1. Roughly what angle does helix 258-284 make with the longest principal axis of the chain, taking Cα atoms, 0 to 90 degrees, to the nearest 10?
2. Taking loop as defined by DSSP and a crowding limit of 15 other beta carbons within 10 Å, which trypsin sites (Lys or Arg not before Pro) in the range 394-488 fit?
3. For the range 95-172, which GluC sites (Glu not before Pro) are in a loop by DSSP, counting at most 16 other Cβ atoms within 10 Å?
4. Treat each spin label as a single point 7 Å out from the Cα along the C-beta direction, and report the residue 276 to residue 514 distance in nm.
5. How much net charge surrounds residue 276 when only the other residues with a Cβ under 12 Å from the Cβ of residue 276 are counted, with Lys and Arg +1 and Asp and Glu -1?
6. In whole Hz, what ³J(HN,Hα) sequence does the range 104-115 give by Karplus (6.51, -1.76, 1.60; θ = phi - 60°), x for Gly and Pro?
7. Between residue 372 and residue 62, what length in nm is gained on full extension when 0.36 nm per residue of separation is reduced by their alpha carbon distance?
8. Ignoring everything except DSSP H segments at least 4 long, calculate the 222 nm mean residue ellipticity for the chain; use -39,500 (n - 2.57) per segment, divide by total residues, nearest 500.
Amino acid sequence: MKVKGLALVALLAGACATAGGGGGGLKVFQADHRMPDYKDVGDDTERAELKDTQTHTGRAADARTSGNMDQARQESKLAADALLKLAERYPSSEWRIVYRRAAAENYLQAADAEGAARAADLFRTDKDATPATQAFGARLAAGSLQQLAFQKVKAGELEPVKIGRKTELKPRPPAETWKRYIDAADAYAVVYTTDPSPTAEHDAALLQLLAAEVQYSHDNIEEAQKRFEAIFQKWPLTAAAVDGVGPYLLTFPARKDMKGYGDAVVRMQAMLESDKPKAQAAASASGATAEQKALPEKIASVLQQLGQEKNRLGYAGAMELLKSGKPAEAAAGFEEFVAQNPDSPDAANALYNAGVAYVQAKEPKKAEEARRRLLDKYPDAPEAGIATVALATSRLQAHDTGGAVQLYDRYLEKWPDGEQRCLALGNAGAALEQGNKKLQAAARYRTFGQDARCAKDDPNTAARALYNSGVLYYNAKKRGDAKAVWSTLVNLKGIDDPVTKSQMTDARQRLESLK
């Protein structure tokens, strides 16, 4: 499975919409409320300090307008620091949540993700924060920490998130920045339904996807599995759920659980098939978001990959059955693979292996049928050559010498330099001799024995072929041919088989009589 990359959650989009009151009858403005004017603040000292923070925000705006970004970031940082101090100095102020939210915004403008996360944590955990403020703060904190983590990764200060196959597990807790990110993401997952942002569900799922990937990257596989599964259950119609399929499947081979992997592939396929019509309906509805419009195509792409993976697993399963001594079941598995994937690059190989499995299951007729289908459907596949020789050999064993010779000759014509060339040459001679075509058999034996490659690969067999060729020629009163063949035989090197050596001795004696 292909694994998607990581995405950033929008930090400030969709602030909470309710400016609720605090507990104990004291009104506390919430995170969505505007910054106060001077006249809104009753305490003179607080009002004066607020004016100082707004001086910095004004200077930051002027610097950005003039293109002086360094100064703009410096002034935004000063404004953020001052706003946090303002909220700290006046803990009972009805504006304290607003101050901290504004501090987070200024930290972001100052490119200070750590400060933004800290300010967001402060206002989301305020005792008078409404659920909507808590949700916005958690989203802002998680997004800021995600940004901070990526910055540290780029600087080489933090272990990156790596999604890939694992050969060895070394579970370890995520570093502090990643841990804080996960905590904030989890906090948002609890309250995201109170966030009026139109992307709340998308953001919750995306934040959890990264949290799951962080745990996977740190080899905490069981924790990662639980998190991926929670995404599938809570937010099935999100891009994060679809993107999570690939890394989720990787958790199974990481635990050496290949059966679980196969089951998970089927389960994910069923889940996406079920979600596909719902996603299509959401995509065609008025007001559909860009994510909703893109989701059906994303699901279709992953379903295609899952289908391919399921088929690959079916093929691999058949191979395991064959290796474990269950040829009948293996043959059925290979046949099913071919039926479902007739255009697969592995279809020809599956048919060939089905033939092997049928032979082991003592079903020669089915083996032949599988090999004939291979030659009919995939005549140019690499497996077609060896299947041709195997089919010819089965015909020879069934005493169909004409059919055997025809198939051996087809191989030699189509694959003249193939790996089975010597076998085809020698067996064609045997088939012709068995069919009482002695002179033709002698010629094939002669060709085989005089073939440099065949003689080098198996000198004993080449020598026996030359001996038999000479005998056939001699018995047919073709003494000149017999003499030529035996002369080649007695000069062969590398003969170590006792029977073959005796044939060479006999050939020498016969040559003496032919002088």
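The values are calculated or read from the model by the stated rules, or taken from the named source; none is laboratory data. Quantities reported herein were computed from a predicted structural model and do not represent experimental measurements. Cβ sites come from the backbone with ideal geometry, for glycine too, and all protein chains shown count toward neighbours. With ligands, DNA and RNA removed, areas are computed over all heavy atoms of the protein, side chains included. Shrake-Rupley method; radii C 1.70, N 1.55, O 1.52, S 1.80 Å.
1. Its long axis makes an angle of about 60 degrees.
2. Details: sites: 395, 410, 414, 421, 437, 438, 444, 446, 453, 456, 464, 477, 478, 479, 483; in loops: 437, 477, 478.
Sites meeting the loop and neighbour criteria: 477.
3. On the way: sites: 105, 114, 157, 168; in loops: 157, 168.
Sparse-neighbourhood loop GluC sites (Glu not before Pro): 157, 168.
4. Taking the simple label geometry, residue 276 and residue 514 are separated by 7.2 nm.
5. Values: positive: 278, 298; negative: 273, 275, 297.
With Lys, Arg at +1 and Asp, Glu at -1, the net is -1.
6. 4, 4, 5, 4, 5, 5, 8, 6, 10, 5, 4, x
7. This chain segment gains 103.4 nm when fully extended.
8. Numbers: 23 runs with 368 residues, N = 515.
Dividing the helical sum by the residues of the chain leaves -23500 deg cm²/dmol.
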